[in-house]
Amino acid sequence: MGISKRKALQLTAILFTVVVVLALMVFLIKVYRYVQAPDKKAFDFIGPEVALIVKVDNFKAIKDLEQSEQNFLPFILLPENHNQLQSFIRFTEGLSFLYDIAEECPLSICFYPNEKSASMVFMVEVTKKYDREIQSLFTYLKKRHHAKSLAYKEDKVFQIHTGKNILYYVYTHGLLLFGFDQKTISMSLNQSKQPDKGISKELTDLSTTLSASRPFHLLIHHPVFHRYLTNKNEQLIENHLLQSMAFCEWSALDMTFMDQKLIFSGYTILNPLRKESFFYNNNKNTSINLHFFPLSTSRILAWQGDTYSRFSHLKSLNAGSQEDFFSMLKPNSMCFFQTQGDTASSFLMLKSDDTEEAAFHLFNCVGTEFVNNAYVYDTFYVNTSMVGGIDIPNFFLPFLPLTSDLKRLKAYTYIEPYFIFSDRNTLIAEFIMALKTEDRLSNDSVFTAFDAYFPNKANFVYYKKLNTSNATSVNFGHLQSKVKAYRLQINKHKKNIMFFSFVVDLNS
C-alpha cells in the first residue's frame with residue numbers, strides 16, 4: 001500500500017526540520033565554544049627560535065614614532081625589516097575600521113633570524129571584542145586585494161600582494177597575525193597548538209618587570225640572538241662580547257630615546273646551568289673607577305668581583321702552568337682595555353685578594369739583563385712607579401673570553417689597587433705618564449656623557465668607542481656609521497636576575 005502524497009510531504013517536512021535543528025545545534029555549539037574559548041596571548045604563538053620581541057602598547061605608537069624626529073626603529077631593525085614595517089604601515093592607512101584596534105590593542109613584533117636576514121611577524125592581541133572590525137577588514141581585503149585563502153589545518157591563512165611583498169595574515173583565538181613569510185606564520189600557528197609552557201610563562205613573568213609608563217619594550221632571547229650576531233660585524237659587536245654574555249638567557253628592557261642616545265634598561269635572567277652564573281649571583285656590586293683609564297681608551301671589558309673564590313668561577317677550564325699562575329695572583333677583578341693611537345695598544349689590569357703575594361710572584365718573574373759584567377733586574381722607574389720586565393703568557397686567555405690582541409705579558413707596574421700589564425714596557429711608561437698629566441677618560445665628553453645613565457658599581461662593564469668613518473662591513477654597516485659609542489653594565493639584583501643597562505650614543 002503506497003504512502004499518500006500528504007503523508008510524504010509531512011515526512012519530508014519533519015526530516016527537513018530535524019536537519020535544520022541539527023545544523024543549528026552544531027552551529028550554536030561552535031559559537032558557544034568560540035565564545036567560551038579564552039583569547040590567546042602573543043606569547044602562546046612564540047617559539048624558542050625567536051631572537052627579539054619588540055612589545056608596543058599599540059600600533060598607533062609605532063606609526064607616531066615613524067613620523068617623529070626621535071624614530072629609533074632604523075637602529076633596531078634590519079633595513080629589509082624596516083622597509084617591511086613601513087610597507088605595512090602604508091597598507092593600513094585609511095582603514096577606518098582599524099582605528100580602535102590600532103589605539104587599544106597591544107602589539108608584539110617577533111624576529112626569527114635566518115642565514116642572511118630575519119623574518120618578522122606582527123601579533124596584535126585583538127580579543128573577540130573586535131570580531132566585527134576583523135570581519136570588516138577581511139571583507140575589505142577580499143574585495144580590494146583579491147585575498148587568496150590557504151587552508152592550514154583548522155585555520156585559514158590568507159595572502160595578498162602589497163607592492164613587491166606578499167603579506168600573509170590569519171585571525172585565530174582573538175589574535176591577528178601578519179607576516180611576510182608564510183613559513184614563519186605556519187610555525188607560529190604550530191606553536192599555538194602545542195605551546196612551550198616554559199617559554200610562555202618565562203615571557204609572561206618577564207613582562208611584569210617592564211615599565212607601564214614606557215610604550216616600547218624589547219625582549220631578547222640571548223642564545224638565539226648571539227648566535228645570529230656571531231661573526232656578522234666585529235667592528236661593531238665583537239664575538240668576545242657575545243661570549244662574555246653567554247650566561248644571559250632572556251632580557252626584558254624598556255626602550256627610550258633622548259639626547260641622541262638609545263637607552264635600554266631592565267632585567268636579564270641568568271642561565272643557572274652556566275658556571276659563570278655563580279660569579280654574578282654571589283658577588284656584591286663593586287665600584288669601578290672608569291675615569292682611571294687614559295683619554296685615548298677606545299674599549300673596556302671588565303669583570304668586577306669581591307673575592308678570588310667567586311671570580312674563579314668565570315674560568316672555563318684548567319690550563320696547566322697558566323692555571324698555577326692564575327691561582328698565585330688570586331685576582332678578584334679583571335679589566336682588558338685598549339687605547340687608540342696610530343695603532344691599538346692593549347692592556348690588562350687586575351685587583352688581587354692578596355696584593356703582597358701577587359707582587360712577590362710577579363717580581364720572581366722579572367727578567368734580568370747582563371750589564372757591566374753583572375746580571376741586573378730588568379726594571380726601571382717612571383715617576384715613583386716601578387716598571388718590571390717579564391715574559392709570561394697572558395694567563396687570562398684560556399679562562400675568559402678575551403681577544404688575542406694581548407698574547408704575552410712582557411711588562412707590568414702596580415698603581416694602587418691595580419696591577420697593570422702590557423706587551424711593551426714603553427706602553428706601561430706611557431700609561432703612567434698619562435695618569436700624571438691627568439690625560440684620562442674623565443676628560444672625554446663622549447665617555448662622560450654615559451655617566452648619568454649608569455650606577456658607579458657593577459659586576460660587568462663593556463665600553464666601546466667606534467670609528468664611524470670606517471664602516472666597511474656588509475652586515476650592520478648602516479649602524480656602524482651612526483653609532484658613536486656604546487656602554488653596557490650588568491649589576492646584581494637577586495638570584496639569577498641582574499639589572500641590565502645598555503646605552504648607545506648616536507651621531508646626530
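The values are calculated or read from the model by the stated rules, or taken from the named source; none is laboratory data. Nothing here was measured: the structure is a model prediction, and the numbers come from that model. Cβ placement follows ideal geometry from the backbone for every residue including glycine, while neighbour counts extend to all protein chains displayed.
The residue that is modelled with the highest pLDDT, among those in region 47-87 that are part of a loop (DSSP other than H, G, I, E, B) and in contact with a Leu (Cβ under 7 Å, 6 or more places away or on another chain), is 58.
Annotation note: of 98, 137, 141, the sole residue that is modelled with pLDDT under 90, in a helix (DSSP H, G or I), of a type in the set (A, V, I, L, M) and surrounded by fewer than 19 Cβ atoms within 10 Å (Cβ to Cβ) is 141.
When residue 173 is evaluated against the numbered criteria (1) on the phi > 0 side of the Ramachandran plot; (2) touching a Cys at 6+ places or on another chain (Cβ under 8 Å), which criterion, by number, is the only one it fails? Residue 173 satisfies every listed condition except (2). Being closer than 19 Å to residue 81 by Cα and surrounded by 15 or more Cβ atoms within 10 Å (Cβ to Cβ): is that true of residue 158 here? Judged against the criteria, residue 158 is not a match. When we screen 326, 396, 419 for residues that are part of a loop (DSSP other than H, G, I, E, B), touching a Pro at 6+ places or on another chain (Cβ under 9 Å) and either in contact (Cβ under 8 Å) with a residue 24 or more places away in the chain or assigned by TED's automatic domain parsing to the domain that holds residue 306 (or both), the only hit is 396.
Among the residues of region 54-91, just one is in contact with a Ser or Thr (Cβ under 7 Å, 6 or more places away or on another chain) and more than 29 Å from residue 232 (Cβ to Cβ), namely 91.
Within region 59-86, residues that are among the basic types (Lys, Arg) reach partners that are surrounded by fewer than 18 Cβ atoms within 10 Å (Cβ to Cβ) with beta carbons closer than 6 Å, at six or more positions or on different chains, in the pairs 60/102; 60/103; 63/89. For residue 500, the test of being in the same structural domain as residue 358 (by TED's automatic domain parsing), part of a strand (DSSP E or B), buried (at least 20 other Cβ atoms within 10 Å of the Cβ) and in contact with a Ser or Thr (Cβ under 7 Å, 6 or more places away or on another chain) is passed.
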